[in-house]
Amino acid sequence: MQKRLLGKSGLEVSALGLGCMGMTHAYFPLPDKQEMISLTRQAVDLGVTFFDTAEIYGPYNNEELVGEALAPVRDKVVIATKFGFKVGAMPGVDSRPEHIREVTEASLKRLKIDCIDLLYQHRPDPNVPIEDVAGTVKDLIREGKVKHFGLSESDAATIRRAHAVQPVAALQSEYSLWTRDLEDNILPTLEELGIGLVPFSPLGRGYLTGKMDETTSLEKGDFRAGLPRFTAEARKANVALVELLKSLGVRKSATPAQIALAWLLAQKPWIVPIPGTTKLHRLEENIGAASVVLSAADLQDIETAAAVSMPCNSSAESSMLAAPMFSSSRCSFVVPGIGTTHGFCASSQARAICAGVAPLASATLFNRSTSATLALRASAVKRGSVALKSPASSGVDSSILPVR
């Protein structure tokens with residue numbers, strides 16, 4: 001397995017890590033613990049050195065599993081974990097300095113280690129200045145309990161403020177071929193500051209593997225069943241991108257999943273995806289992506305397919321009105337009888353302003369980042385929502401309203 005440096009931090013890890021969340025959390029039915037311990041150790045044998053967990057996964061038992069699995073090879077691996085949620089009061093957040101210290105001490109015990117290699121703030125806490133968070137982790141680094149500081153799902157301004165207090169080694173956020181809202185502001189910020197990116201859900205929570213379509217059923221308890229992006233209609237609408245991954249995979253003797261991961265690896269040398277799995281053959285498949293080389297022509301083919309499935313028309317000016325703490329996201333308008341156009345939306349308010357979209361009787365908007373699904377209805381009445389204005393037909397507005 002090739003190695004990569006997470007930015008300028010000096011933290012070297014395998015080009016692909018292993019996200020361990022699904023071993024005890026979120027995806028059902030949950031696998032056997034001993035099988036997951038064995039799988040984690042097999043990942044080490046296959047060259048993986050970077051393992052991701054968090055106290056909230058389980059909660060707690062994910063860290064325990066990772067700690068037990070990696071204890072025999074502690075000196076060969078990098079373990080990342082996270083603080084910042086209120087266990088038992090989700091989705092509440094808590095990054096008070098005293099809580100960070102409590103979580104760190106507990107995580108060290110569960111992981112059976114004396115120092116955490118990479119400690120992330122799991123989500124921003126609006127009640128605690130990021131300077132206090134970074135300062136607390138800086139003290140933990142000075143005390144020898146943590147080696148590197150990370151953030152997750154933070155905006156560019158927060159990253160800069162934290163980095164000024166304690167250098168940030170890595171940002172963990174969702175990034176994949178169908179979740180690309182980091183590209184406008186976050187990626188340039190990371191590159192400027194020398195911070196690595198650790199994409200979670202690099203395979204679109206399984207969709208980009210090519211193993212799902214609109215007929216695929218999800219197990220009871222599988223959290224994807226509640227995501228609008230995984231409705232049958234949404235999965236069917238995004239099939240064009242998966243078909244491209246399949247056809248390119250045939251040319252490269254690779255699977256769609258390997259092409260999707262290889263695309264991520266080709267974006268920047270400081271990007272380290274952490275696909276998760278509970279199956280050995282999927283682990284081997286994911287690791288194989290590190291050997292897939294995509295040419296400039298291959299990458300352009302993927303961009304072209306993404307533009308057809310989820311386009312970004314640079315000739316149209318798009319803007320977004322968002323509530324605080326929510327970032328804009330590229331979205332696809334799947335338009336019956338016409339095709340697909342694009343826009344931006346704010347997940348918290350389910351509203352957007354876009355230009356260059358023809359007025360229609362109806363359409364569906366799929367938000368690639370936040371999984372919000374919205375209804376787009378032609379209307380001359382703004383109904384208190386931000387209007388969608390079309391320069392193609394002056395005087396006709398459309399409103400974006402949330403699906404009830």
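Here are the numbers for the structure shown:
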| read-out | value |
| --- | --- |
| Identity of the residue in segment 182-208, over 25 Å from L11 (Cβ atoms) and not aromatic (F, W, Y), that ends up surrounded by the fewest Cβ atoms within 10 Å (Cβ to Cβ) | D184 |
| Qualifying position, being within 30 Å of K138 (Cβ to Cβ) and hydroxyl-bearing (S, T, Y), among S154, S217 | S154 |
| In segment 183-197, the residues that are over 15 Å from the mean Cα position of the chain (by Cα) and β-branched (V, I, T) | T189, I195 |
| Test for L218: is it within 30 Å of S247 (Cβ to Cβ), surrounded by 22 or more Cβ atoms within 10 Å (Cβ to Cβ) and either touching a residue at least 24 places away in the same chain (Cβ under 8 Å) or not small (G, A, S) (or both) | no |
| Top-ranked residue in segment 135-152 [being free of Cβ contacts under 8 Å to residues at least 60 places away in the same chain and either aromatic (F, W, Y) or in contact with a His (Cβ under 8 Å, 6 or more places away or on another chain) (or both); ranked as farthest from E192 (Cα to Cα)] | I141 |
| Restricting segment 62-75 to residues that are crowded, with 17+ Cβ neighbours inside 10 Å and not aliphatic (A, V, I, L, M), the residue that is farthest from the chain's Cα centre (by Cα) | E68 |
| Filter pass, L283 being assigned to a loop (DSSP other than H, G, I, E, B) and either within 29 Å of F28 (Cβ to Cβ) or modelled with pLDDT of 95 or more (or both) | no |
| From the options T40, T81, residue that is more than 30 Å from R96 (Cβ to Cβ), touching a helix residue (DSSP H, G or I) at 6+ places or on another chain (Cβ under 9 Å) and either assigned to a strand (DSSP E or B) or without any contact (Cβ under 8 Å) to a residue 60 or more places away in the chain (or both) | T40 |
| Per-region count, segment 167-179, residues in contact with a strand residue (DSSP E or B) (Cβ under 6 Å, 6 or more places away or on another chain) and not in a strand (DSSP E or B) | 1 |
| Flag if A254 is of a type outside the set (D, E) and surrounded by fewer than 21 Cβ atoms within 10 Å (Cβ to Cβ) | no |
| Residue identified as outside any loop (DSSP other than H, G, I, E, B), in contact (Cβ under 8 Å) with a residue 40 or more places away in the chain and touching a helix residue (DSSP H, G or I) at 6+ places or on another chain (Cβ under 9 Å) among A164, A106 | A106 |
| Meets criteria (modelled with pLDDT of 75 or more and either surrounded by fewer than 15 Cβ atoms within 10 Å (Cβ to Cβ) or touching an Asp or Glu at 6+ places or on another chain (Cβ under 9 Å) (or both)) for A296 | yes |
| When residues of segment 132-166 are limited to those that are within 22 Å of D114 (Cβ to Cβ) and within 22 Å of the chain's Cα centre (by Cα), the one surrounded by the most Cβ atoms within 10 Å (Cβ to Cβ) | G150 |
| Residue list for segment 87-97, restricted to those being assigned to a loop (DSSP other than H, G, I, E, B) and either surrounded by 13 or more Cβ atoms within 10 Å (Cβ to Cβ) or more than 21 Å from the chain's Cα centre (by Cα) (or both) | V87, G88, A89, D94, S95, R96 |
| Verdict on E55 being in a loop (DSSP other than H, G, I, E, B) and charged (D, E, K, R) | yes |
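The values are calculated or read from the model by the stated rules, or taken from the named source; none is laboratory data. Keep in mind the model is a prediction, meaning the values are calculated, not measured. Methodologically, a virtual Cβ is constructed for each residue, glycine included, from the backbone with ideal geometry; neighbour enumeration extends over all protein chains shown.
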